[in-house]
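Down below is the structure, laid out as structure tokens.
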Amino acid sequence: MIVRDLKRLTLLVGPLVILLLLSASLWHSHNDYLRSHVSSLLGYNGPSSVARVHRKPVLTADKKHYEMFSASTPDGKFFDIRFGKDVFNPNMIPHPKFNDTWFIVGQLWNDPNVEIPDSHAHEVGCIAQFMNGVLMCIDYIQALPIEATSTDKCEGDMAYISFNVGPHDARVFMGPLSPFIIYGSNGGFTCFSQWVQDFRKLVDWEYELWTPTEFAVGTELARPPPFFQLEKNYFMFWDKDDEMHIHYDVYPKRGFSKLERDGKVGPNLAPKTTEHDEKCLKRYMPELPGSLESIHQATNSLKITLCKRADKDCEAHAGNTYIMTVIQHKSYYNYHSEYEPYVVLFQQRAPFELYAISKKPIWISGRKRHEGRKTDMMYVTSANWMDRGVNYHGYLDDVVVLGFGYEDRHSAGIDILAGDLLHDMGLCEEPEES
Ligand SMILES: *[C@@H]1O[C@H](CO)[C@@H](O)[C@H](O)[C@H]1NC(C)=O
């Protein structure tokens with residue numbers, strides 16, 4: 001359990017933390033430091049409480065990206081997520097009860113040069129709030145109680161994977177009613193499978209009436225052939241009737257199926273739209289020169305209606321509501337990976353064809369360029385609505401928070417207005433410019 005009782009913890013730990021902050025303030029001797037920490041403990045330091053001018057996306061100097069800015073940080077740059085240890089591949093979803101409070105989950109970084117006897121990847125998490133512009137744990141970081149699984153399906157150069165223990169690369173996200181986690185673990189169906197579980201079973205989600213539970217225990221997800229020994233990055237999506245589906249792949253061919261409550265999957269539905277989708281992907285995604293570059297799925301999905309919640313006549317309907325996800329173009333040169341994220345929209349009803357793709361990838365404000373070709377490696381892993389209660393379905397004036405790993409060792413996030421994230425989308429149906 002992440003926290004048995006947040007209130008009790010606050011009562012116990014609150015005075016101690018204030019004492020600590022008082023002594024820290026002596027070191028820092030800045031009144032502001034103390035004020036911001038105490039006020040954040042009292043809940044007045046949510047990112048949204050900072051009034052600032054909205055910065056629209058701008059084309060970068062090399063015209064290859066759109067730089068996108070945080071809706072809350074004073075300088076518009078991304079913020080750090082601190083677990084108190086080296087953790088990457090972060091996810092954040094709003095706490096079901098408290099404003100300005102999130103569950104954060106990520107993967108513990110293991111130093112490859114230090115041999116620890118039972119060292120294996122752990123998915124860990126905590127409850128977090130913003131303090132001085134950094135999202136950090138306000139309770140102890142704990143391993144998610146996910147059972148390790150074993151496999152006899154690893155063959156050839158994948159044989160080493162059978163030695164993996166426990167969950168990897170988890171994605172935590174909201175469905176229409178409740179949160180889920182998808183993670184990689186050794187499989188019975190293939191060597192390294194994707195698994196799904198009701199996230200409420202892993203943390204203390206006590207403040208919400210229980211809705212019917214899908215995947216009360218970790219459930220392996222099969223997929224129709226062709227599949228690989230190592231399966232990664234699946235995401236779930238819900239159609240216009242809130243029926244569950246699972247999306248396996250986006251490039252060079254999409255793959256997705258209906259998902260049943262017992263984890264069984266239907267046939268691959270993608271062939272019905274292959275022709276349309278391949279044309280659209282080819283048009284907006286870069287050409288891949290060779291095996292050092294690839295395009296793959298990155299985040300979970302969200303549903304978005306393309307008008308503003310605040311507008312009186314904004315109403316969700318089939319013609320303005322889509323499934324949104326982020327995919328990444330990866331390049332790997334000189335032993336260094338770089339990822340360029342693109343937003344993808346597709347229809348929320350059969351045959352779920354692609355609707356639009358970002359014309360240029362997103363440059364997360366704060367990402368740096370170094371000498372030569374190299375830029376910071378930022379690997380986007382999750383996209384969730386920032387605010388409590390939005391769950392799966394948001395609007396252009398809601399804020400999306402992207403979680404990303406930083407050089408495979410640290411975690412950070414950026415909260416971007418959904419309308420900005422969809423800046424300059426290329427429609428699949430748009431006539432080609434001559
Ligand atoms: C939480 O946020 C919502 C929306 O901004 C607001 O209406 C509500 O009063 C807040 N609740 C508390 C306890 O601050």
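The values are calculated or read from the model by the stated rules, or taken from the named source; none is laboratory data. Note that the structure is a prediction, hence the values are computed from the model and not measured. Cβ: placed from backbone, ideal geometry, glycine included. Neighbour counts: every protein chain shown.
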When every residue in segment 292-323 that is in contact (Cβ under 8 Å) with a residue 60 or more places away in the chain and either among the aromatic types (Phe, Trp, Tyr) or in a strand (DSSP E or B) (or both) is compared, the one surrounded by the fewest Cβ atoms within 10 Å (Cβ to Cβ) is 296
Can you find, within segment 382-391, the residue that is nearest to the chain's Cα centre (by Cα) among those that are crowded, with 23+ Cβ neighbours inside 10 Å and more than 12 Å from the ligand (Cβ to nearest atom)? 382
Which residues, taken from segment 224-250, are part of a loop (DSSP other than H, G, I, E, B), of a type in the set (Phe, Trp, Tyr) and within 18 Å of residue 199 (Cα to Cα)? 234
Those residues that are more than 16 Å from the ligand (Cβ to nearest atom) and either surrounded by fewer than 19 Cβ atoms within 10 Å (Cβ to Cβ) or more than 20 Å from residue 233 (Cβ to Cβ) (or both), I need them from segment 82-107; list them, please. 82, 83, 84, 85, 86, 103
Could you tell me which residue of segment 54-91 is nearest to the chain's Cα centre (by Cα), considering only residues that are assigned to a loop (DSSP other than H, G, I, E, B) and among the β-branched types (Val, Ile, Thr)? 73
Test residue 405 against the stated conditions and say whether it is of a type outside the set (A, V, I, L, M) and assigned to a helix (DSSP H, G or I). no
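Which one of 40, 23, 29, 36 is of a type outside the set (A, V, I, L, M), within 16 Å of the ligand (Cβ to nearest atom) and at pLDDT below 80? Break it down into steps so the answer makes sense when it comes.
Details: 23 fails: within 16 Å of the ligand (Cβ to nearest atom); 29 fails: within 16 Å of the ligand (Cβ to nearest atom); 36 fails: within 16 Å of the ligand (Cβ to nearest atom).
The match here is 40.
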Pick out the one residue from 140, 66 that is at pLDDT below 95, aromatic (Phe, Trp, Tyr) and more than 16 Å from the ligand (Cβ to nearest atom). 140
Counted residues in segment 155-182 being at pLDDT 95 or above and aromatic (Phe, Trp, Tyr) come to 2
Going through segment 273-287 one residue at a time, which ones are surrounded by 13 or more Cβ atoms within 10 Å (Cβ to Cβ), without any contact (Cβ under 8 Å) to a residue 40 or more places away in the chain and part of a loop (DSSP other than H, G, I, E, B)? none
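For residues in segment 392-402 being within 16 Å of the ligand (Cβ to nearest atom) and part of a strand (DSSP E or B), which is nearest to residue 91 (Cα to Cα)?
Kept after step one, since they are within 16 Å of the ligand (Cβ to nearest atom), are these residues of segment 392-402: 394-395, 397-399, 401.
Now narrow it down to the ones that are part of a strand (DSSP E or B): 394-395, 399, 401.
Values: 394: 18, 395: 21, 399: 15, 401: 9 Å.
Looking at residues that are within 16 Å of the ligand (Cβ to nearest atom) and part of a strand (DSSP E or B), I get 401.
So that you can scan it fast, the table gives a plain yes or no per residue for (1) of a type outside the set (Phe, Trp, Tyr); (2) in contact (Cβ under 8 Å) with a residue 24 or more places away in the chain; (3) crowded, with 21+ Cβ neighbours inside 10 Å:
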| position | (1), (2), (3) |
| --- | --- |
| 160 | no, no, no |
| 176 | yes, yes, no |
| 186 | yes, yes, yes |
| 198 | yes, no, yes |
| 204 | yes, yes, no |
| 212 | yes, no, no |
| 216 | yes, no, no |
| 238 | no, yes, no |
Looking at (1) within 16 Å of the ligand (Cβ to nearest atom); (2) crowded, with 16+ Cβ neighbours inside 10 Å, which is the one condition that is false for residue 428? (1)
Considering residues of segment 363-381 that are among the charged types (D, E, K, R) and exposed (fewer than 13 other Cβ atoms within 10 Å of the Cβ) only, the residue nearest to the ligand (Cβ to nearest atom): 368
Identify the single condition in (1) more than 16 Å from the ligand (Cβ to nearest atom); (2) buried (at least 18 other Cβ atoms within 10 Å of the Cβ); (3) over 15 Å from residue 71 (Cβ atoms); (4) touching a residue at least 60 places away in the same chain (Cβ under 8 Å) that residue 422 does not satisfy, given that it satisfies every other one. (3)
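Kindly evaluate residue 270 against the criterion of being buried (at least 19 other Cβ atoms within 10 Å of the Cβ) and either over 21 Å from the mean Cα position of the chain (by Cα) or without any contact (Cβ under 8 Å) to a residue 24 or more places away in the chain (or both). Show your work before the answer.
Working: buried (at least 19 other Cβ atoms within 10 Å of the Cβ): yes; either over 21 Å from the mean Cα position of the chain (by Cα) or without any contact (Cβ under 8 Å) to a residue 24 or more places away in the chain (or both): yes.
When the stated conditions are applied, residue 270 passes them.
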Could you list, in sequence order, the residues of segment 326-383 that are farther than 20 Å from residue 408 by Cβ, in contact (Cβ under 8 Å) with a residue 24 or more places away in the chain and not in a strand (DSSP E or B)? 348, 349, 350, 351, 352, 353, 359, 360, 365
